[in-house]
Every structure is written in structure tokens, then in C-alpha cells.
1. From the list LEU93, LEU97, LEU89, pick out the single residue that is surrounded by 14 or more Cβ atoms within 10 Å (Cβ to Cβ), of a type in the set (A, V, I, L, M), part of a helix (DSSP H, G or I) and without any contact (Cβ under 8 Å) to a residue 24 or more places away in the chain.
2. Mind listing whichever residues of the stretch 20-44 are surrounded by fewer than 18 Cβ atoms within 10 Å (Cβ to Cβ), closer than 19 Å to THR87 by Cβ and touching a residue at least 24 places away in the same chain (Cβ under 8 Å)?
3. Among the residues of the stretch 77-88, which ones are closer than 17 Å to LEU105 by Cα and of a type outside the set (Phe, Trp, Tyr)?
4. Can you name the residue in the stretch 107-131 that is surrounded by 12 or more Cβ atoms within 10 Å (Cβ to Cβ) and in a strand (DSSP E or B) and, of all such residues, is nearest to the chain's Cα centre (by Cα)?
5. I need the full set of residues from the stretch 57-71 which are surrounded by 20 or more Cβ atoms within 10 Å (Cβ to Cβ) and over 12 Å from GLN39 (Cα atoms), in order please.
6. If I ask for residues that are at pLDDT 90 or above, of a type outside the set (A, V, I, L, M, F, W, C) and assigned to a helix (DSSP H, G or I), which ones from the stretch 50-85 would you list?
Amino acid sequence: MGQRSVLFPHLTVLENVRFSIRAMANGHRRCAEVLEMLQATHLGERHPQELSGGEVQRALLARALAPAPKLLLLDEPFVGLEMALRTTLLESLRSYLVEKPTPVLSVTHDVSEVFALNAEVTVLHRGRVTEQGTARAVLAEQREQMLQILN
């Protein structure tokens, strides 16, 4: 899911999510589960042009999760969401990943997102890996700086 990913404009949110799992036997139920997990059930009958940026983000994430992928690629999946919703969706995604272990390659600039997902981190600088390890180990300094700002 990239920052420029788009939904099919002629389809509703539900149809966009269904499109990703059209061959699944339990597709209707799966769509409902994923939309509910992302607090997006109410968006099902709306078209992309009727959505806010945050609602588009949730619809895109639902479309990415619906087929239960073996690998999930995300690019700033929570950018533009208000903090309370971001926190809720991060918790939902973390629970989903515990229930259905799936490797996730996620690009983010939000350190709190990395900690919330308890992620393995690879830091790139000018195209080279500069650090790799657990979020707690690699981002300890950034976390301290963030806590100082908040206090």
C-alpha cells in the first residue's frame, strides 16, 4: 500500500475490498471482518471520492489485509489519521498479526508506530543499512528524545 495507492473510483469501498479476494469462498465474511477490524464498516457503500484521506487509508489497508497475504507491504499506512484512531488501528493490526503471523515490510517515519507494532527495524541512510535490530535497541535514542519532548 503506497502513499499514492488508489481505490477503484467506480467501485464502493466494499467492492474495492471484495476485488482483492474475489476468488475466496468466504469472501463476503472476510470483507466484513476486515472492515470491522479497521472501524470502516460504515464506509462500505461509499465511493472513494466521498471519503476523507483517513477513510481512504483505512479502505486501502482493508483491501491489503482482506486476502490474508503471506507478506504485507505498507508505505506510511497510518499517515493522516488522528492520533486516537491511529492508536486503535495500530492495536488492531498488532492483534491481527499475533493471530495471523504475517511478515510486514512497512515504511514509516513515525517512531511511535514502530514501537506500537513491536517491530524489527532496519534503518536506511542514503540507500545503505546503518542499523538493524529490535525497535527498543535501534530506536532507543529517538524514543528518549520523543519522551523528553512530551515531558
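The values are calculated or read from the model by the stated rules, or taken from the named source; none is laboratory data. Since we're looking at a predicted model, the values are computed, not measured. Don't worry about glycine lacking a Cβ; one is built from the backbone with ideal geometry, like all the others, and counts go over all protein chains shown.
1. So the residue among LEU93, LEU97, LEU89 that is surrounded by 14 or more Cβ atoms within 10 Å (Cβ to Cβ), of a type in the set (A, V, I, L, M), part of a helix (DSSP H, G or I) and without any contact (Cβ under 8 Å) to a residue 24 or more places away in the chain is LEU97.
2. GLN39
3. At the first step, the residues of the stretch 77-88 found to be closer than 17 Å to LEU105 by Cα are 77-79.
Correct list: PRO77, VAL79.
4. Of everything passing the filter in the stretch 107-131, VAL107 is nearest to the chain's Cα centre (by Cα).
5. Within the stretch 57-71, LEU60, ARG63, LEU65, ALA66 qualify.
6. GLU50, GLU55, ARG58, ARG63 - these are the residues of the stretch 50-85 that are at pLDDT 90 or above, of a type outside the set (A, V, I, L, M, F, W, C) and assigned to a helix (DSSP H, G or I).
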